[in-house]
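We did not get these values from a lab; they are worked out from the coordinates using the rules stated. Bear in mind that the values here come from a model prediction, so they are computed numbers and not experimental data. No Cβ is skipped: glycine too gets one built from the backbone with ideal geometry, and neighbour counts run over all protein chains shown.
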Amino acid sequence: MSYIKAEKIRGEYGIVKELDDLANGNNARRLVLEQYVLAGYFENILKAANLRLKNMTDGRYELLRAGQVSDGRKKDNLEIEVMDYYTGRKRSVKTLSGGETFKASLAMALGMSDCIQAESGGMEIETLFIDEGFGALDEESLEQACETLQSLAGKNRMVGVISHVAQLRERIEHQIVIEKRNNGSCVKII
């Protein structure tokens with residue numbers, strides 16, 4: 001094979017290799033093509049989630065996509081950091097308290113719901129169920145979470161809450177209560 005032909009093949013292979021590297025995350029951002037596409041959706045979900053989280057935390061927290069991957073072996077960049085406006089610093093979401101984690105999770109779930117509705121050509125999500133987590137909230141946080149859920153319920157949505165927290169049950173007008181008995185469970189609609 002001639003030197004010129006070999007250089008031409010190397011040049012063509014180089015382009016293919018660069019595309020392969022980009023698509024498989026062998027790039028400066030360690031971002032796989034699939035993750036790149038997901039990152040666009042993820043950014044929209046974070047924006048929608050932050051609208052809710054801002055209200056639930058009195059403007060203290062904002063969720064952000066991490067700029068750096070914490071584990072160099074990973075080839076994705078969909079990790080979340082939290083901006084704490086009380087301290088003026090970004091930090092790992094793993095440092096949030098139980099109640100703060102619940103609020104962030106609730107905000108993310110609601111943000112995802114908002115984005116799915118926006119992308120689905122008019123399809124509406126009319127029913128949401130939130131399962132537990134309320135026990136980790138202090139009184140003020142519980143109040144903020146309830147206000148958020150009540151604002152959702154006022155927009156042609158039914159919000160179902162599964163909880164054992166007495167203060168929460170007192171605030172919910174319509175309830176389905178499951179009572180365990182020795183001969184089976186009993187369902188009451190209140």
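Rounded to the nearest 20 debye, what is the charge dipole size of the chain about its Cα centre when +1 sits on each Lys and Arg Cβ and -1 on each Asp and Glu Cβ?
Values: 26 positive and 29 negative charges, 114 e Å.
That gives a dipole near 540 debye.
To the nearest 0.05, what FRET efficiency results for Glu79 and Gln175 with a Förster distance of 41 Å applied to their C-beta separation? Numbers along the way, then the final one.
On the way: r = 38 Å, r/R0 = 0.93.
That gives a FRET efficiency of 0.60.
Given [x] 86, 41, 38; [y] 47, 36, 28; [z] 50, 41, 32, which label gives Cα extents along the principal axes in Å as computed from the coordinates?
[x]
Please compute the contact order of the chain in relative form: average sequence separation of alpha-carbon pairs under 8 Å and at least six residues apart, divided by the residue count, as a percent.
Contact order relative to length: 16 percent.
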